[in-house]
Protein chains: 4
Amino acid sequence: MIIKLKDTATEKQIAKLKNKFLKEGFELHESLGTSTLLLGIIGDTTVIDINSLYAYEFIDTVLRVQEPFKKVNRKFKPEDTIVNVSGIEIGGKNVVIMAGPCAVESEKQINEIAPIIKDAGAKILRGGAFKPRTSPYSFQGMGVEGLEILENANKKYNLPVVSEIMSIDDLPYFIEKVDLIQVGARNMQNFALLKELGKIDKPILLKRGIASTIEEWLMSAEYILAGGNSNVILCERGIRTYETSTRNTLDISSIPVIKKLTHLPIVIDPSHASGRWEYVESLSKAAIAAGADGLIIEVHQTPETALSDGQQSLKPAKFRALVKKCRRVAEAVDRTLK
Amino acid sequence: MIIKLKDTATEKQIAKLKNKFLKEGFELHESLGTSTLLLGIIGDTTVIDINSLYAYEFIDTVLRVQEPFKKVNRKFKPEDTIVNVSGIEIGGKNVVIMAGPCAVESEKQINEIAPIIKDAGAKILRGGAFKPRTSPYSFQGMGVEGLEILENANKKYNLPVVSEIMSIDDLPYFIEKVDLIQVGARNMQNFALLKELGKIDKPILLKRGIASTIEEWLMSAEYILAGGNSNVILCERGIRTYETSTRNTLDISSIPVIKKLTHLPIVIDPSHASGRWEYVESLSKAAIAAGADGLIIEVHQTPETALSDGQQSLKPAKFRALVKKCRRVAEAVDRTLK
Amino acid sequence: MIIKLKDTATEKQIAKLKNKFLKEGFELHESLGTSTLLLGIIGDTTVIDINSLYAYEFIDTVLRVQEPFKKVNRKFKPEDTIVNVSGIEIGGKNVVIMAGPCAVESEKQINEIAPIIKDAGAKILRGGAFKPRTSPYSFQGMGVEGLEILENANKKYNLPVVSEIMSIDDLPYFIEKVDLIQVGARNMQNFALLKELGKIDKPILLKRGIASTIEEWLMSAEYILAGGNSNVILCERGIRTYETSTRNTLDISSIPVIKKLTHLPIVIDPSHASGRWEYVESLSKAAIAAGADGLIIEVHQTPETALSDGQQSLKPAKFRALVKKCRRVAEAVDRTLK
Amino acid sequence: MIIKLKDTATEKQIAKLKNKFLKEGFELHESLGTSTLLLGIIGDTTVIDINSLYAYEFIDTVLRVQEPFKKVNRKFKPEDTIVNVSGIEIGGKNVVIMAGPCAVESEKQINEIAPIIKDAGAKILRGGAFKPRTSPYSFQGMGVEGLEILENANKKYNLPVVSEIMSIDDLPYFIEKVDLIQVGARNMQNFALLKELGKIDKPILLKRGIASTIEEWLMSAEYILAGGNSNVILCERGIRTYETSTRNTLDISSIPVIKKLTHLPIVIDPSHASGRWEYVESLSKAAIAAGADGLIIEVHQTPETALSDGQQSLKPAKFRALVKKCRRVAEAVDRTLK
């Protein structure tokens, strides 16, 4: 970390600042430019809140040299992490597809869609039991009953399930019934929840917040790893920009950036990113070509009657065709999609 | 709500769609342009999830005519809501200032700062006991002990307190010890939490999410009002944009927009919006001139040693000067700042 | 177009408004909801500036039903446009790669790089002669001399060239020496320039503005087509968002959106989008998988000494490898890359 | 400027890089952290394009210590610049209001509105003769005839005029007929135009680009000052964000940021920032309270019939009331509005 002092900084102020860092166990390195005094702080600066240093009125700028994340850092662990979701490996050579309806609506619905998506090539069943809805007047999900329906489908079709958690209080149900616990975009910085998820060893699908930087996203993953749970899969689902022709803007570049910065796997959610079923195939192929480890896609038998997000759900036939096309792209980039 | 159908829509599809709406109790109004069929849906369309209609492949566009929020809508309640926070009225002619440190750090700290901010003109004491921090390695707050310190300061100095809640589990402590419960930007769409806050009658300070639209913000307020608690104060604290010279971008326009759309009061947080103490005075004056009902400002005896957000905290003398200047601006727009 | 009137609108006001539209040759369609009066305006509403209608104080909302663009609209011309750049077709089954240095630096440089990129598989040579630089102290380009160097390289290696125009005054040189005239992101709404380009028949590469919506981008293309020049190729080069780990955010979704809205071809610039050579390969493959008609990539013999944008330029060996990988992806989506 | 090298950098690479900077006349300062090698580059680093250094594969990060702008920098000239627009001083104690229609529509219109806005308190008349319109089918302005109308109004009412230039070719007309030449948001990075404006001595009103950073805006001003013209007034007119309830988002914080970074004056355009006449008064008062040196406001006799931007134009009576209210705010922050 490098601190640039203002020209007006007094010797006394500088001495006090230097003393503070020395006391905290850092080494200092002083450097004098033509007109500016720079102070290099050497040691584990990830524990320093850089912004807070601006409270010193005589500090002009603070420049960070190290990333603020540790355990998720690829420099800390160079080899790729492979997360095992009840037998399905994510982060290896094989690209994994998760699919299913936005919301669990009934036992019948899930029992119909589960074999369809499995047969088409999906390896994990998705379905929301607790739904974060912008409006209090929209369908809020079936709750624990929804989780039970997923659990039963898993037993019947041998298809691990992923579902979103919205409250710490529901954690026991998720541990029991779900194979992969999803943290939604709106809860990416629900730190109380992240801390609890760090204490278990179940895999976590951590969605990127709608306006989170990649660094903040990795810091949220760091919360989970710091707590002791290293089974984290990142999920990019579109970020908020000024463009309105799609629901969000898929940040496709996040794939190579994530691959560079961290050892954790990354999957893409083209359904939420685009918000329109007609764009999902194009984005799915792009994600695999760019190097994603998997996809999570909304599929519904009758999107028109879906209780949530029908506009971005694919019908079974379209989903089946999409998987075939994605397989060809996977092979063209030396991956498999089994 | 108006639905524009594609040219390719068949008579059968149209009939099915019309039937759906009629069954749900809506009236229909059909209109034929030169080349397009428009369908007007008449009734309480706030219950319809507009996006989901795009699941119908033969629908081209859906246009909303009504706002999706009801109880927070100024059309529903034209007169301003005044929220009473333990005797302090927010939303009336008087502009209210809340001030204090970002985080509660010790009993000594709070006992020193409380009389200072009160004497300078603040009416409510702020202080975080549970802190949402991007890094798991940063100070996470004193927890319940911090709330007790605030409660004691309130008793001692007769100064109502506001503090941020991060987890439903802590709600009983907040009900007992805090006068105004803050929902932070990261939890604006923590719907499980909002629902619980709708069940109590304590005033809520609802911060805008870092990338939330004004409409989403009002929908989150609607969650609380729909639950039965109408004591909601909105707080704009800067939104995320591409500009990096300030921590966030204060959306000053949100003040007149909010005043037009809703009857709820709005206060501004210039400290988080700018992220630098040197910009706080300018933004505070602007907020009052634009019509804000109050301000929430970070003040710290020694920002350099603050455990959180020292860079945006004012020293007592600067805060005192700021209140005086704000009072002059308040009077220039026919408000008071007592 | 649908106009929603305020409840307070008087009969006289409504009559006046209706009269205005009737005089302008539109048909009207009136519709009465439970509480709102809607007015449908039928005819070619692309000529109406919707925003300006809000000047009527009694108008609540104006909803557009038609897209504001005509000649670029796929509804107007359903089949794909193929633009012929001196023999190279863009917009057909074959994916076309354009490559070369950010800036023309010398005759020697261009004569070295031209055969390299041609041999690797590129079909068009890029090189900036007039450079838009944020700083007045940066290299501003070789000007007309640079265009001559490109022209000579074209003759020598039979390789059409693309270069950016910054001023109308230079147009005669571009018409004479360049095969494809690039309008840069900063000039996407330089309407005086667009009008001039509409008067010629040379192909135009129209880059998307750094914060332009897809609709604004298409409206700029409409300027050129409305002038009479239908040889327009769109180029997405990343948009500005809050994310800073890449220079811009590549809007990969723009590919399927553009394919839906317009008949014009689209190429992707992964070099400017990411701003880092290490991400270019991943984004190039993604672009082709998503359906792009071509790529424009920065290549430099020695990026370290490049006078502009060295950080995002590939070395020849990496570019050669990239083309091979892109060819495999192209084939996996039933395209060719010859 | 500080360069952080990768661990993999070889001695030979480092030596080559150091040699390059030494040759260019910089001093070097080497510093070794626990695990990283830092290289400090001392001298006038504003001439270095920082991004281009990333072309060196063994460079990890480049950190800038100096601002990239020189002549506009307040460190270079601490005292405020006051720009004299034909007798009207901008940047001093008095807050200056410019007002008038979006577009010049006829001699009659201007001759009516000019005395109205002057009488209400405006000091400069605005009016667009060349209009940048998103659609080629919208009114494009009266051109040179519009400038003549403004010139005549100036002579008749002794009211200096400001108008937007869109093409270098029109510069002679602007020099002759206009007192303050406006560079619109879309042309903020039309560097060919900026260079020409640097060669004259007429005052320039430089609007911020719709998605430009404050730094880029100052770099565009630097183009003009570097050319020799120091009569530059900055104009904030709202930036593009995800929020759609206003046309743009007024970046009110830019006022204190600009006041800190540069000596140039800043005025605010609340009409374009909000895009709705009903928000203009609130934003005008906020701008003055925050420290703006002036306002530029759209006023029209009959906004409903305006050929451009009627939705954001105030009627004369509302404008007159606004000026009175703004005067009170100006006085409350120790400014005048004469």
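The values are calculated or read from the model by the stated rules, or taken from the named source; none is laboratory data. Quick caveat: nothing in here was measured; it's all calculated off a predicted structure. Counting neighbours? That spans all protein chains shown, and the Cβs are built from the backbone with ideal geometry, glycine included.
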Selection within segment D:259-280 - crowded, with 22+ Cβ neighbours inside 10 Å and either at the interface with chain B (Cβ under 7 Å from one of its Cβ atoms) or in a helix (DSSP H, G or I) (or both):
D:Pro270, D:Ser271, D:His272, D:Ala273, D:Ser274, D:Trp277, D:Tyr279, D:Val280
Determine whether segment D:303-317 contains at least one residue that is touching a Cys at 6+ places or on another chain (Cβ under 9 Å), surrounded by 18 or more Cβ atoms within 10 Å (Cβ to Cβ) and among the charged types (D, E, K, R).
yes
Counting only residues in segment C:319-338 that are of a type in the set (D, E, K, R) and facing another protein chain (nearest Cβ under 8 Å), the one surrounded by the fewest Cβ atoms within 10 Å (Cβ to Cβ) is identified as C:Glu331
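Table: residues versus (1) outside the structural domain of B:Ile233 (by TED's automatic domain parsing); (2) in contact with a Pro (Cβ under 8 Å, 6 or more places away or on another chain); (3) of a type in the set (Asp, Glu).
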position: B:Ser163; (1), (2), (3): no, no, no
position: B:Gln189; (1), (2), (3): no, yes, no
position: B:Glu196; (1), (2), (3): no, no, yes
position: B:Asp201; (1), (2), (3): no, no, yes
position: B:Ile204; (1), (2), (3): no, no, no
Being of a type in the set (Lys, Arg) and either facing chain A (nearest Cβ under 10 Å) or in a strand (DSSP E or B) (or both) is the filter here, so list the residues in segment B:1-26 that pass it.
B:Lys4, B:Lys16, B:Lys20
Selection count where residues are closer than 29 Å to D:Thr8 by Cβ and more than 10 Å from chain C (Cβ to nearest Cβ), scope segment D:59-74:
6
Across segment C:155-208, which residue is farthest from the other protein chains (Cβ to nearest Cβ) among those that are under 15 Å from the mean Cα position of the chain (by Cα) and among the β-branched types (Val, Ile, Thr)?
C:Val162
Could you check how many residues of segment B:9-40 are modelled with pLDDT under 85 and among the β-branched types (Val, Ile, Thr)?
2
So how many residues does segment D:281-318 have that are among the hydrophobic types (A, V, I, L, M, F, W, C), more than 14 Å from chain C (Cβ to nearest Cβ) and in contact with a strand residue (DSSP E or B) (Cβ under 6 Å, 6 or more places away or on another chain)?
5
Please verify whether segment A:232-242 includes one or more residues that are at pLDDT 95 or above and under 30 Å from B:Leu17 (Cα atoms).
no
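From D:Phe139, D:Phe69, grab the single residue that is under 26 Å from D:Ile168 (Cα atoms), in contact with a Leu (Cβ under 8 Å, 6 or more places away or on another chain), modelled with pLDDT under 95 and not assigned by TED's automatic domain parsing to the domain that holds D:Leu295. Can you show your working first?
Numbers: D:Phe139 fails: not assigned by TED's automatic domain parsing to the domain that holds D:Leu295.
Unique residue meeting the criteria: D:Phe69.
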Quick one: how many residues across segment D:239-258 are of a type outside the set (S, T, N, Q), part of a helix (DSSP H, G or I) and touching a residue at least 40 places away in the same chain (Cβ under 8 Å)?
2
Could you tell me how many of the residues in segment B:190-230 are among the polar types (S, T, N, Q) and buried (at least 24 other Cβ atoms within 10 Å of the Cβ)?
3
Count of residues meeting criterion [away from chain C (no Cβ under 12 Å) and buried (at least 24 other Cβ atoms within 10 Å of the Cβ)] in segment D:239-248
0
Which residues, taken from segment C:98-130, are of a type in the set (Val, Ile, Thr) and within 20 Å of the chain's Cα centre (by Cα)?
C:Ile124
Looking at segment C:123-131, can you tell me whether even one residue there is touching a residue at least 40 places away in the same chain (Cβ under 8 Å), surrounded by 19 or more Cβ atoms within 10 Å (Cβ to Cβ), under 15 Å from C:Asp269 (Cβ atoms) and touching a helix residue (DSSP H, G or I) at 6+ places or on another chain (Cβ under 7 Å)?
no
Restricting to segment B:209-238, name every residue that is touching a residue at least 60 places away in the same chain (Cβ under 8 Å) and more than 12 Å from chain A (Cβ to nearest Cβ).
B:Ser230, B:Asn231, B:Val232, B:Ile233, B:Cys235
Looking only at segment B:31-50, filter to residues that are within 8 Å of another protein chain (Cβ to nearest Cβ) and touching an Asp or Glu at 6+ places or on another chain (Cβ under 7 Å); which one of those is surrounded by the most Cβ atoms within 10 Å (Cβ to Cβ)?
B:Ile42
Identify, by number, the condition in (1) more than 19 Å from D:Lys75 (Cβ to Cβ); (2) of a type outside the set (Phe, Trp, Tyr); (3) more than 8 Å from chain C (Cβ to nearest Cβ) that D:Pro256 doesn't meet.
(1)
Might you check whether a residue that is within 24 Å of B:Pro136 (Cα to Cα), modelled with pLDDT of 95 or more and hydroxyl-bearing (Ser, Thr, Tyr) occurs anywhere in segment A:86-99?
no
From the option list C:Glu151, C:Glu196, C:Glu164, single residue qualifying as more than 28 Å from D:Val183 (Cα to Cα) and at pLDDT 95 or above is C:Glu151
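Going residue by residue through segment A:291-301, is there one that turns out to be more than 20 Å from the chain's Cα centre (by Cα) and in a helix (DSSP H, G or I)?
Looking for residues that are more than 20 Å from the chain's Cα centre (by Cα) and in a helix (DSSP H, G or I), one finds none in segment A:291-301, hence no.
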